[in-house]
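Contents: one structure, followed by commentary.
The values are calculated or read from the model by the stated rules, or taken from the named source; none is laboratory data. Quick caveat, the model's predicted, so the values are computed rather than measured. Reconstructed Cβ throughout: ideal geometry from the backbone, glycine too, with neighbour counts over all protein chains shown. Side chains are part of the model used for accessible areas, which takes the heavy atoms of the whole protein and leaves out ligands, DNA and RNA. Shrake-Rupley method; radii C 1.70, N 1.55, O 1.52, S 1.80 Å.
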Amino acid sequence: MSVLQMRGIRKSFGELEVLKDISLSVEEGEVVAIIGPSGSGKSTLLRCATLLETVDGGSITYLDHAVAWEEEDGAAVYAPAKELREVRQVFGLVFQNFNLFPHFSVLRNVTDAPMRVQKRPAAEVEQEALTLLKKMGLEGREKAYPFQLSGGQQQRVAIARALAMNPRLLFFDEPTSALDPELTGEVLRVIRRLAEEKMTMVIVTHEMGFARQVADRVIFMDKGVIVEQGGPEIIDHPVHARTRAFLNKLEGEEA
Amino acid sequence: MTFRTMVEMLLGGMGKSILIYVLTLVGALPLGLLVAFGRMSRVRPLQLFVKFYISIMRGTPLMLQLLVVFFGPYYLFRANTGTGYRFVAVIIGFVLNYAAYFAEIYRGGINAIPAGQREAAQVLGYSRSRTFMTIILPQVIRHILPAVTNEMITLVKDTSLAFAISYSEMFTLAKKIAASQTTMMPFVIAGVFYYIFNFVVAFIMERCEKKLSYYR
Ligand SMILES: Nc1ncnc2c1ncn2[C@@H]1O[C@H](COP(=O)(O)OP(=O)(O)OP(=O)(O)O)[C@@H](O)[C@H]1O
Ligand SMILES: [Mg+2]
């Protein structure tokens, strides 16, 4: 059973068609990297998948939960709110700019949702959070507040916060784009380790070297469509001219 | 009249000023939040109505509003309001007026919280009400505290407007004593009392701000 299945997703902002018939499914244990030029709709796709935006058409299914489906007239309808609340437990999202809760300590950022939303026992949640933070290389920073941490540390707290909910699938939207270059490594290392542990992940990224290393599948998006997808080798041997153009341009910038 | 009796009478008036002050805050701080919700409502008629209410409250003198609340029931409905109504009218007038000012402060504070906070909470599965109470509101309070402090200091001085409907708080008494005894003294004493009152308010609020400044 796929963890996520999106079919024929369409989304417009006013006149602007941002997603045009996108289909994507993610299998258990798979790491999918989404690459593509700015404005191609990568974030919008993630926001639709994480229910931060509603789609105009198409269907979304998580495991055996139908989240959105198409009516006869082609418009998408969503499952009732109660069902959506359950579905939100299936996935987690790590934002580009972390979005930690600034008034909570590091530990509380990680424990609050498992305790208050999932209503799990405090002692157990706390124990798990401490283990997670340690794994993220944040031992000893539990009592700090987000503003006292570097960007890289904040992003690692955000990853711990998402993992503490025990999601089946974790989304990342350019997790290192807001970081100074010398801090990206520590975040990528953490994600790489999650990939080794077979965490199911969908990662939007501009880091081609990283995508090549961790991804089982790479998806190239442009102007609201999936132009090309395949194994990580498509980064080095793109078939489609638009993919080639994008990768060449990126290389040009990096060189 | 001795200096001492003067001070004692004014202290009694000050008690009433403080009562107005506290009741106004107790009423207007929560009501202001409701008004802010109305102002931000997607229900257009409600939003427009609240917008109109706020503009009236901020666009006309508080003294005039007090007169309307106090005399309105009689002139409009020939209603007999009874003796206790003078005080009630003062509180109603102040609460309605200050709720409008607080509402605009809340609204600014709520809009200043980045959308990402709400989104992060939503993805984690927080309900809308829990998101507001535990994620948004604490940050809003921290953010708006200086503006609220400003209003609270203005309110200390505004309590004297109750003299417009002859409610016997400190300023009304000071005026009365000054007229009957032909002396400036009551005004000086009242001034000192208002100043001390404000000093205490400012001190308490500064403490609150310090307490909430543990994060950035
Ligand atoms: N809420 C919105 N309202 C209107 N237009 C939007 C909104 N969100 C995104 N867009 C537009 O949709 C298009 C796709 O945006 P999106 O953020 O999904 O691109 P992206 O692939 O993530 O780009 P980047 O690499 O720069 O993050 C852009 O043209 C953007 O301006
Ligand atoms: Mg984006």
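For segment A:1-151, what is the charge dipole size about the Cα centre, in debye to the nearest 20, if Lys and Arg each add +1 at the Cβ and Asp and Glu each add -1 at the Cβ?
Value, rounded to 20: 780 debye.
What list of ³J(HN,Hα) couplings, whole Hz, do you get for segment A:206-214 from phi and the Karplus terms 6.51, -1.76, 1.60, once you set θ to phi - 60° and write x for glycine and proline?
Along segment A:206-214, the couplings run 9, 8, 5, x, 5, 4, 4, 6, 8 Hz.
HN-Hα J couplings of segment B:132-143 from phi, Karplus 6.51/-1.76/1.60, θ = phi - 60°, integer Hz, Gly and Pro as x?
Per residue, the Karplus-derived 3J(HN,Hα) values read 5, 5, 9, 9, 7, 4, x, 6, 4, 4, 4, 5 Hz.
If you take the C-alpha gyration tensor of chain A, multiply each eigenvalue by 5 and take the square root, what semi-axes do you get, largest first, in whole Å?
29, 24, 15
Please list, ordered by chain and number, the residues whose modelled amide H lies under 5 Å from the amide H of A:Met201; skip anything fewer than 5 residues away on the same chain.
A:Glu30, A:Val31, A:Val32, A:Leu170
For the pairing of chain B with chain A, what total accessible surface becomes buried, with a 1.4 angstrom probe, in square angstrom to the nearest 100?
It comes to approximately 2100 Å² buried between B and A.
Spelling out what I want: for every residue of segment B:126-131, take phi, set θ = phi - 60°, compute 6.51 cos²θ - 1.76 cosθ + 1.60 (Karplus), and round to whole Hz; glycine and proline get x.
For segment B:126-131, the Karplus-derived couplings read 5, 6, 4, 5, 5, 4 Hz, x marking Gly and Pro.
How high is the relative contact order of segment B:133-210? Use alpha-carbon pairs under 8 Å, at least six apart in sequence, and give a whole percent.
Relative contact order, segment B:133-210: 31 percent.
At a Förster distance of 25 Å, what's the computed FRET efficiency of B:Cys208 paired with B:Lys157, Cβ-Cβ distance as r, to 0.05?
The pair B:Cys208/B:Lys157 has a calculated efficiency of 0.80.
Given H placed 1.01 Å from N in the peptide plane, which residues other than close sequence neighbours of A:Ser25 have an amide H under 5 Å from its amide H?
The answer is A:Met6.
Taking amide H atoms as placed 1.01 Å from N in the peptide plane, list the residues 5 or more away in sequence, or in a different chain, whose amide H sits under 5 Å from that of A:Glu228.
Amide H to amide H, under 5 Å and 5 or more residues apart or across chains, A:Glu228 pairs with A:Phe220.
Given the alpha-carbon gyration tensor of the protein assembly as shown, what are the semi-axes of its equivalent ellipsoid in whole angstrom, ordered largest first, with each equal to the square root of 5 times an eigenvalue?
In descending order the semi-axes read 59, 26, 19 Å.
Pull up the cross-link candidates among the lysines for A:Lys119, meaning alpha carbon to alpha carbon under 29 Å and not fewer than 8 places away within one chain.
A:Lys82, A:Lys134, A:Lys135, A:Lys143, A:Lys198
Name the most mobile residue of B:Phe193, B:Phe71, B:Phe203, meaning the one with the largest mean-square fluctuation, in a Gaussian network model of chain B with Cα contacts below 10 Å.
B:Phe203
Quick one, what does Rg over Rh come out to for segment A:138-240 if you take C-alpha atoms and the Kirkwood Rh?
Using Cα coordinates only, the ratio equals 1.01.
R0 = 30 Å: FRET efficiency of B:Val43 with A:Phe13, Cβ-based, nearest 0.05?
About 0.80, to the nearest 0.05.
Could you tell me the relative contact order of chain B? Use alpha-carbon pairs under 8 Å, at least six residues apart, and round to a whole percent.
29 percent.
Could you give me D for segment B:3-215, from Stokes-Einstein at 20 °C and 1.002 mPa s, where the hydrodynamic radius is the Kirkwood radius over C-alpha pairs? Units µm² s⁻¹, please.
111
If I model a spin label as a point 7 Å beyond the Cα along the Cα-Cβ vector, how far apart are those points for B:Lys175 and A:Arg212 in nm?
About 8.4 nm, to one decimal.
In terms of Cα to Cα distance under 16 Å, which lysines are near enough to B:Lys157, apart from those fewer than 8 places away along the same chain?
Within the straight-line cut-off, B:Lys157 pairs with B:Lys16, B:Lys175.
Modelled label-to-label distance, A:Arg85 and B:Lys51, 7 Å Cα→beta-carbon offset: nm?
About 3.4 nm, to one decimal.
With N set to the number of residues, divide the alpha-carbon radius of gyration of segment A:112-175 by 2.2 N^0.38 Å and report two decimals.
Compactness ratio reported: 1.11.
What's the FRET efficiency of B:Thr60 with B:Arg216 using the Cβ-Cβ distance as r and R₀ = 45 Å, to the nearest 0.05?
0.70
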